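Okay, handing you the structure first.
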Amino acid sequence: MATTPFTISECLAFGWRTFKSRPWFFAGTIVVYAIAQIIIAGIQESLGFPGFLLSIIISTLFYIGFVTLYLKAHDAPATVNLNSLWNPKPFWNYLGVSILVGLIVIVGLILLIVPGIILGIMFSLAGYLTIEKGLNPIAAMKESARLTRGHRVKLFLLGLSIVGLTILAMIPLFLGLFIMAPIAMLAGIHAYRALLNAPTVSPAAS
(Lines give C-alpha, C1' and ligand atoms only; values in the text may rest on other atoms or scores of the structure.)
Protein backbone atom coordinates (compact mmCIF):
# COMPACT_ATOMS: atom_id res chain seq x y z
CA MET A 1 0.00 0.00 0.00
CA ALA A 2 1.27 3.45 -0.85
CA THR A 3 2.22 5.94 1.82
CA THR A 4 -0.65 8.35 2.39
CA PRO A 5 0.46 11.79 1.16
CA PHE A 6 -1.75 13.62 3.66
CA THR A 7 -3.33 13.20 7.08
CA ILE A 8 -6.73 14.34 8.30
CA SER A 9 -5.22 16.57 10.97
CA GLU A 10 -2.83 18.10 8.44
CA CYS A 11 -5.68 18.99 6.05
CA LEU A 12 -7.84 20.51 8.78
CA ALA A 13 -4.88 22.39 10.25
CA PHE A 14 -4.05 23.79 6.82
CA GLY A 15 -7.64 24.93 6.40
CA TRP A 16 -7.61 26.64 9.80
CA ARG A 17 -4.26 28.38 9.22
CA THR A 18 -5.34 29.63 5.82
CA PHE A 19 -8.68 30.84 7.13
CA LYS A 20 -6.95 32.76 9.94
CA SER A 21 -4.75 34.55 7.39
CA ARG A 22 -7.82 36.34 5.95
CA PRO A 23 -10.85 35.48 8.10
CA TRP A 24 -13.11 38.29 6.89
CA PHE A 25 -12.44 37.48 3.25
CA PHE A 26 -13.16 33.77 3.63
CA ALA A 27 -16.24 34.36 5.78
CA GLY A 28 -17.35 36.86 3.13
CA THR A 29 -17.16 34.21 0.42
CA ILE A 30 -19.72 32.17 2.36
CA VAL A 31 -21.98 35.21 2.59
CA VAL A 32 -21.71 35.64 -1.18
CA TYR A 33 -22.43 31.94 -1.68
CA ALA A 34 -25.52 32.10 0.55
CA ILE A 35 -26.86 35.17 -1.25
CA ALA A 36 -26.30 33.50 -4.61
CA GLN A 37 -28.25 30.43 -3.48
CA ILE A 38 -31.17 32.60 -2.37
CA ILE A 39 -31.21 34.38 -5.74
CA ILE A 40 -31.00 31.08 -7.64
CA ALA A 41 -33.87 29.62 -5.60
CA GLY A 42 -35.94 32.72 -6.32
CA ILE A 43 -35.32 32.41 -10.05
CA GLN A 44 -36.32 28.76 -10.04
CA GLU A 45 -39.49 29.39 -8.06
CA SER A 46 -40.68 32.43 -10.04
CA LEU A 47 -40.02 31.21 -13.59
CA GLY A 48 -41.15 27.58 -13.42
CA PHE A 49 -39.41 25.11 -15.73
CA PRO A 50 -37.41 27.81 -17.62
CA GLY A 51 -36.32 29.05 -14.21
CA PHE A 52 -35.26 25.53 -13.28
CA LEU A 53 -33.02 25.31 -16.36
CA LEU A 54 -31.66 28.82 -15.77
CA SER A 55 -30.96 28.01 -12.13
CA ILE A 56 -28.92 24.95 -13.17
CA ILE A 57 -26.81 27.09 -15.49
CA ILE A 58 -26.28 29.85 -12.93
CA SER A 59 -25.61 27.50 -10.01
CA THR A 60 -23.11 25.49 -12.07
CA LEU A 61 -21.27 28.62 -13.17
CA PHE A 62 -21.23 29.95 -9.63
CA TYR A 63 -19.97 26.71 -8.09
CA ILE A 64 -17.21 26.48 -10.69
CA GLY A 65 -16.18 30.00 -9.71
CA PHE A 66 -16.39 29.15 -6.02
CA VAL A 67 -14.10 26.14 -6.44
CA THR A 68 -11.75 28.18 -8.65
CA LEU A 69 -11.48 30.83 -5.96
CA TYR A 70 -10.62 28.26 -3.31
CA LEU A 71 -8.09 26.50 -5.52
CA LYS A 72 -6.33 29.85 -5.88
CA ALA A 73 -6.77 30.55 -2.17
CA HIS A 74 -4.99 27.30 -1.36
CA ASP A 75 -1.91 28.42 -3.29
CA ALA A 76 -1.99 32.18 -2.76
CA PRO A 77 -4.36 33.17 0.07
CA ALA A 78 -2.92 36.66 0.35
CA THR A 79 -3.76 37.68 -3.22
CA VAL A 80 -6.91 35.77 -4.20
CA ASN A 81 -10.00 37.92 -4.74
CA LEU A 82 -13.64 37.66 -5.80
CA ASN A 83 -12.71 38.13 -9.47
CA SER A 84 -11.88 34.44 -9.46
CA LEU A 85 -15.60 33.66 -9.21
CA TRP A 86 -15.92 34.22 -12.96
CA ASN A 87 -14.54 31.16 -14.72
CA PRO A 88 -17.03 29.95 -17.36
CA LYS A 89 -14.59 27.95 -19.49
CA PRO A 90 -15.02 24.57 -17.72
CA PHE A 91 -18.85 24.84 -17.74
CA TRP A 92 -19.70 21.97 -20.09
CA ASN A 93 -17.04 19.61 -18.75
CA TYR A 94 -18.06 20.30 -15.16
CA LEU A 95 -21.77 19.94 -15.92
CA GLY A 96 -21.08 16.67 -17.73
CA VAL A 97 -18.97 15.18 -14.97
CA SER A 98 -21.49 16.27 -12.33
CA ILE A 99 -24.29 14.47 -14.16
CA LEU A 100 -22.26 11.33 -14.82
CA VAL A 101 -20.88 11.03 -11.30
CA GLY A 102 -24.27 11.83 -9.81
CA LEU A 103 -25.98 9.08 -11.79
CA ILE A 104 -23.27 6.54 -11.00
CA VAL A 105 -23.38 7.31 -7.28
CA ILE A 106 -27.19 7.11 -7.20
CA VAL A 107 -27.07 3.66 -8.83
CA GLY A 108 -24.39 2.62 -6.34
CA LEU A 109 -26.46 3.84 -3.41
CA ILE A 110 -29.43 1.83 -4.65
CA LEU A 111 -27.14 -1.23 -4.65
CA LEU A 112 -26.94 -1.50 -0.85
CA ILE A 113 -25.46 2.02 -0.26
CA VAL A 114 -21.81 0.98 0.20
CA PRO A 115 -21.02 0.82 -3.55
CA GLY A 116 -22.39 4.36 -3.88
CA ILE A 117 -20.07 5.62 -1.14
CA ILE A 118 -17.07 3.91 -2.73
CA LEU A 119 -17.91 5.33 -6.16
CA GLY A 120 -18.47 8.78 -4.69
CA ILE A 121 -15.00 8.75 -3.14
CA MET A 122 -13.45 7.26 -6.27
CA PHE A 123 -14.73 10.12 -8.42
CA SER A 124 -14.57 12.85 -5.76
CA LEU A 125 -11.70 14.67 -7.47
CA ALA A 126 -13.24 14.71 -10.95
CA GLY A 127 -14.80 18.13 -10.49
CA TYR A 128 -11.49 19.68 -9.45
CA LEU A 129 -9.81 18.11 -12.46
CA THR A 130 -12.33 19.48 -14.96
CA ILE A 131 -12.03 22.96 -13.45
CA GLU A 132 -8.28 23.13 -12.95
CA LYS A 133 -6.88 20.82 -15.61
CA GLY A 134 -9.57 21.20 -18.29
CA LEU A 135 -10.15 17.44 -18.54
CA ASN A 136 -13.29 16.14 -20.19
CA PRO A 137 -15.71 14.19 -17.94
CA ILE A 138 -14.46 10.69 -18.79
CA ALA A 139 -10.80 11.66 -18.51
CA ALA A 140 -11.47 13.45 -15.21
CA MET A 141 -13.23 10.41 -13.77
CA LYS A 142 -10.43 8.09 -14.84
CA GLU A 143 -7.82 10.42 -13.36
CA SER A 144 -9.80 10.78 -10.13
CA ALA A 145 -10.01 6.98 -9.84
CA ARG A 146 -6.24 6.78 -10.35
CA LEU A 147 -5.41 9.53 -7.85
CA THR A 148 -7.67 8.18 -5.12
CA ARG A 149 -6.52 4.56 -5.48
CA GLY A 150 -4.94 3.49 -2.22
CA HIS A 151 -6.21 6.58 -0.37
CA ARG A 152 -9.99 6.14 -0.37
CA VAL A 153 -10.34 5.13 3.27
CA LYS A 154 -8.43 8.24 4.36
CA LEU A 155 -10.58 10.42 2.09
CA PHE A 156 -13.71 8.85 3.58
CA LEU A 157 -12.49 9.57 7.12
CA LEU A 158 -11.61 13.14 6.14
CA GLY A 159 -15.12 13.57 4.80
CA LEU A 160 -16.62 12.19 8.02
CA SER A 161 -14.47 14.55 10.07
CA ILE A 162 -15.61 17.54 8.03
CA VAL A 163 -19.26 16.51 8.32
CA GLY A 164 -18.93 16.12 12.09
CA LEU A 165 -17.26 19.50 12.54
CA THR A 166 -19.81 21.13 10.24
CA ILE A 167 -22.68 19.78 12.35
CA LEU A 168 -21.03 21.21 15.47
CA ALA A 169 -20.55 24.53 13.66
CA MET A 170 -24.30 24.71 13.00
CA ILE A 171 -25.17 24.70 16.70
CA PRO A 172 -24.52 28.40 17.53
CA LEU A 173 -27.22 29.81 15.22
CA PHE A 174 -25.34 28.51 12.17
CA LEU A 175 -22.70 31.22 12.70
CA GLY A 176 -19.94 28.63 12.92
CA LEU A 177 -20.54 27.77 9.27
CA PHE A 178 -18.88 31.03 8.26
CA ILE A 179 -15.70 29.56 9.73
CA MET A 180 -16.14 25.85 9.11
CA ALA A 181 -17.29 26.03 5.48
CA PRO A 182 -14.07 27.74 4.26
CA ILE A 183 -11.96 25.39 6.39
CA ALA A 184 -13.77 22.39 4.87
CA MET A 185 -13.20 23.66 1.31
CA LEU A 186 -9.52 24.34 1.97
CA ALA A 187 -9.02 20.97 3.70
CA GLY A 188 -10.56 19.08 0.78
CA ILE A 189 -8.48 20.97 -1.74
CA HIS A 190 -5.35 20.37 0.34
CA ALA A 191 -6.00 16.62 0.08
CA TYR A 192 -6.55 16.97 -3.67
CA ARG A 193 -3.30 18.88 -4.07
CA ALA A 194 -1.42 16.23 -2.08
CA LEU A 195 -2.84 13.42 -4.21
CA LEU A 196 -1.79 15.17 -7.42
CA ASN A 197 1.81 14.70 -6.28
CA ALA A 198 1.33 11.24 -4.79
CA PRO A 199 3.14 8.24 -6.35
CA THR A 200 1.00 5.93 -8.47
CA VAL A 201 -0.01 2.72 -6.72
CA SER A 202 -0.77 -0.65 -8.21
CA PRO A 203 -4.31 -1.39 -9.47
CA ALA A 204 -4.63 -4.02 -6.73
CA ALA A 205 -4.63 -1.30 -4.05
CA SER A 206 -7.94 0.09 -2.86
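The values are calculated or read from the model by the stated rules, or taken from the named source; none is laboratory data. All values reported here derive from a predicted model rather than from experimental measurement. With ideal geometry, Cβ positions are generated from the backbone for all residues, glycine too; neighbour counts draw on all protein chains shown. Surface areas here come from the heavy atoms of the whole protein model, side chains and all, with no ligands, DNA or RNA. Shrake-Rupley method; radii C 1.70, N 1.55, O 1.52, S 1.80 Å.
Starting from the residue with the highest accessible area, list Val67, Val114 in decreasing order, probe 1.4 Å. Before the final figure, lay out the partial values.
On the way: Val67 5, Val114 85 Å².
Per-residue accessible area, sorted high to low, gives Val114, Val67.
Just to be sure I understand the model, the point goes 7 Å from the Cα along the line to the Cβ. What's the resulting Arg17 to Ile35 distance in nm?
3.2
Give me the base-10 log of I(q)/I(0) for segment 53-206 at each q in 0.10, 0.14, 0.16 Å⁻¹, Debye formula, one uniform scatterer per Cα, rounded to two decimals.
Computed log10 I(q)/I(0) values: -0.38, -0.77, -1.02.
Can you send over the carbon and sulfur percentage of the accessible area for the chain, probe radius 1.4 Å, protein chains only?
On the way: 8180 of 11010 Å².
C and S fraction of accessible area: 74 percent.
Please sort 99-109, 154-164, 5-15 by packing, taking for each peptide the average over its residues of neighbouring beta carbons within 10 angstrom, highest first. Provide the component values of the computation, followed by the final result.
On the way: 99-109: 15.0, 154-164: 16.5, 5-15: 18.3.
For the peptides 99-109, 154-164, 5-15, the packing ranking is 5-15, 154-164, 99-109.
Same structure again: Given a 1.4 Å probe, how much area per residue of the chain is accessible, in Å²? Before the final figure, lay out the partial values.
On the way: 11010 Å² over 206 residues.
That works out to 53 Å² for each residue.
With runs of 4+ DSSP H residues as the only contributors, calculate the mean residue ellipticity of the chain at 222 nm using -39,500 (n - 2.57) per run, divided by the residue total and rounded to the nearest 500.
Values: 8 runs with 153 residues, N = 206.
Counting only the DSSP helices, I get -25500 deg cm²/dmol.
Which length gain, in nm to one decimal place, applies between Trp24 and Leu103 when the Cα-Cα distance is subtracted from 0.36 nm times their residue separation?
Stretched fully, the Trp24-Leu103 segment lengthens by 24.7 nm.
Now, a different point. With +1 assigned to the C-beta of every Lys and Arg and -1 to the C-beta of every Asp and Glu, and no other charges, what is the dipole magnitude of the chain about the Cα centre in debye, to the nearest 20? Working shown, then result.
Details: 12 positive and 5 negative charges, 84 e Å.
Value, rounded to 20: 400 debye.
Oh, and also: Quick check: the distance between the Cα centres of segment 1-41 and segment 56-129, to the nearest angstrom?
14
Filter the DSSP H helices in the chain by two things, a Kyte-Doolittle mean of at least -1.0 and an axial alpha-carbon span of 15 angstrom or more, and list the hits by number.
Values: long enough: 8-21 (20 Å, 0.19); 23-75 (40 Å, 1.33); 91-110 (28 Å, 2.25); 137-148 (16 Å, 0.05); 152-169 (25 Å, 1.89); 177-196 (28 Å, 1.66).
Those that clear 15 Å and a mean of -1.0 are 8-21, 23-75, 91-110, 137-148, 152-169, 177-196.
State, as an integer percentage, the relative contact order of the chain based on alpha-carbon contacts under 8 Å between residues 6 or more apart.
Numbers: 237 pairs, mean separation 64.1, N = 206.
Here the relative contact order equals 31 percent.
Can you report the principal axis dimensions of segment 1-135 using only the alpha carbons, biggest first, rounded to whole angstrom?
Result for segment 1-135: principal-axis Cα extents of 46, 40, 25 Å.
Determine, at each q value in 0.31 (inverse angstroms), the log₁₀ of I(q)/I(0) that the Debye formula gives when each Cα of segment 1-44 is one equal point scatterer.
Ignoring solvent entirely, the Cα scatterers give -0.98.
For segment 153-199, what is the convex hull volume of the alpha-carbon atoms per residue, in Å³?
42
Could the peptides 57-63, 139-145 be put in order, highest first, of the mean number of other beta-carbon atoms found within 10 Å of their residues?
Details: 57-63: 16.6, 139-145: 20.6.
The densest-packed peptide leads the list: 139-145, 57-63.
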